[in-house]
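Report on one structure; see the data block that follows.
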Amino acid sequence: QVQLVESGGGLVQAGDSLRLSCAASTHTFKIYTKGWFRQAPGKEREFVAAINWSGGLSVYADSVKGRFTISRDNAKNTVSLQMINLKPEDTAVYYCATKSGSPTPDTMYDYWGQGTQVTVSS
């Protein structure tokens with residue numbers, strides 16, 4: 001069973017940058033699509049970004065395009081989310097997840113991490 005562990009969350013001010021990382025416990029999933037998602041208090045979990053196994057295809061939610069960049073290191077079996085120009089509305093618990101197949105802008109992913117809190121103060 002794969003385990004995904006997120007790290008890098010924290011409290012930042014609006015306009016700051018933050019980098020999240022997610023490590024998978026098994027290299028079996030290095031060929032899988034990996035994605036980032038978030039859930040704000042009182043809201044449903046939403047798609048943020050996803051990247052295919054080779055890193056050649058990435059998909060972003062409109063709300064983060066131009067500010068967030070997803071990347072992966074298959075040698076280390078990690079996926080990262082670089083976030084710049086953070087806004088208070090980016091405040092949420094951020095999750096990484098993985099699935100087989102191509103990246104899709106939804107939450108239909110198979111394996112999930114426990115999440116890391118990102119708080120952006122105004």
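The values are calculated or read from the model by the stated rules, or taken from the named source; none is laboratory data. None of the values given here were measured: they were computed from a predicted structure. Note that each Cβ is placed from the backbone with ideal geometry, even for glycine, and that neighbours are counted across all protein chains shown. Accessible surface areas use protein heavy atoms only, side chains included; no ligands, DNA or RNA. Shrake-Rupley method; radii C 1.70, N 1.55, O 1.52, S 1.80 Å.
Within a straight-line Cα-Cα reach of under 16 Å, K76 can be paired with the following lysines, leaving aside sequence neighbours fewer than 8 residues apart in one chain: K30, K34. When M108, M83 are compared by accessible area of protein heavy atoms, the largest-first order is M108, M83, using a 1.4 Å probe. Within the listed set A49, A24, A75, the residue fluctuating most in the Gaussian network model of the chain (springs between alpha-carbon atoms under 10 angstrom) is A75. For the chain, the dipole from Cβ point charges (+1 on Lys and Arg, -1 on Asp and Glu) about the Cα centre works out to 240 debye, to the nearest 20. When DSSP beta bridges are restricted to pairs lying wholly in segment 13-122, around 95% turn out antiparallel. Counting every pair of alpha carbons in the chain, the share spaced more than 26 Å apart comes to 13 percent. When the chain is fully extended, how far beyond the present Cα-Cα distance does L11 get from S100, taking 0.36 nm per residue of separation? Residue separation times 0.36 nm, minus the Cα-Cα distance, leaves 28.8 nm. Per residue, the solvent-accessible area of the chain (1.4 Å probe, heavy atoms of protein chains only, all protein chains present) comes to 51 Å². The slack in the chain from E44 to D110, taken as 0.36 nm per residue of separation less the alpha-carbon distance, amounts to 22.0 nm.
Per-residue extension of 0.36 nm, minus the Cα-Cα distance of A75 and Q1, leaves a gain of 24.7 nm for this segment. Rolling a 1.4 angstrom probe over segment 58-97 with all protein chains present gives an accessible area of which 50% lies on carbon and sulfur atoms.
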